[in-house]
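We did not get these values from a lab; they are worked out from the coordinates using the rules stated. On a predicted model such as this, the values are computed, not experimentally measured, just so you know. Counting neighbours? That spans all protein chains shown, and the Cβs are built from the backbone with ideal geometry, glycine included.
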Ligand SMILES: Cc1cc2nc3c(=O)[nH]c(=O)nc-3n(C[C@H](O)[C@H](O)[C@H](O)COP(=O)(O)O)c2cc1C
């Protein structure tokens, strides 16, 4: 079985749960981003787990910085967000972030959790601001994420479902055409 290095960032724990589950299923190393150093990566497969915050991917800049040092490995990113999976939206996010050094790095998606009770005051304030901005928009003008946001705002949800890991695992198992 492939040795997989799993590196994750997580603010409220949902992304960590996906990362831990992948690590449980594959031999290799599990690293929180603060303990990660490109030179310490062993094995042939590296998966970065990153939550989506305000359309950005937490700590993706570290992978961008180091990708040239781990190019000899199979590298993928697993993104965790609160919106329902939407191919068009995910493609847009992908085009925006996976450019330059990260071009062609495959990305996968899993739905995380939304824990209003655990959020920091800063996050709550930011979301409150967005909520008031979005709720006055005409329904036909709302983007998919904005629609989801209006439904989940102020509540607690947990959508973590390990079947979201299936496509990633298929990619891990797929033979690299450049391998013997
Ligand atoms: C301030 C804030 C902004 C967020 N922005 C987005 C977003 O743009 N798109 C999205 O799908 N989810 C967004 N989320 C939801 C998180 O991605 C989701 O809660 C995820 O599970 C967080 O992962 P974590 O628990 O590992 O930190 C946001 C959450 C917060 C608190």
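Residues in the stretch 43-50: is at least one surrounded by fewer than 17 Cβ atoms within 10 Å (Cβ to Cβ) and touching a helix residue (DSSP H, G or I) at 6+ places or on another chain (Cβ under 8 Å)? No, every residue in the stretch 43-50 fails to be surrounded by fewer than 17 Cβ atoms within 10 Å (Cβ to Cβ) and touching a helix residue (DSSP H, G or I) at 6+ places or on another chain (Cβ under 8 Å). Entry remark, the stretch 69-101: residues being under 27 Å from residue 146 (Cβ atoms), over 13 Å from the mean Cα position of the chain (by Cα) and buried (at least 18 other Cβ atoms within 10 Å of the Cβ) number 1 in total. Just checking, how many residues over the stretch 131-149 are within 26 Å of residue 108 (Cβ to Cβ) and more than 16 Å from the chain's Cα centre (by Cα)? Residues in the stretch 131-149 being within 26 Å of residue 108 (Cβ to Cβ) and more than 16 Å from the chain's Cα centre (by Cα): 7 in total. Looking only at the stretch 120-169, residues that are out of contact with any strand residue (DSSP E or B) (no Cβ under 7 Å at 6 or more places or on another chain), outside any helix (DSSP H, G or I), surrounded by 15 or more Cβ atoms within 10 Å (Cβ to Cβ) and touching a residue at least 24 places away in the same chain (Cβ under 8 Å) come to 2 in all.
Considering each residue of the stretch 73-87, count those that are over 12 Å from residue 49 (Cβ atoms), away from the ligand (no atom under 11 Å from the Cβ) and in contact (Cβ under 8 Å) with a residue 12 or more places away in the chain, and give that number. Looking only at that region, the number is 3.
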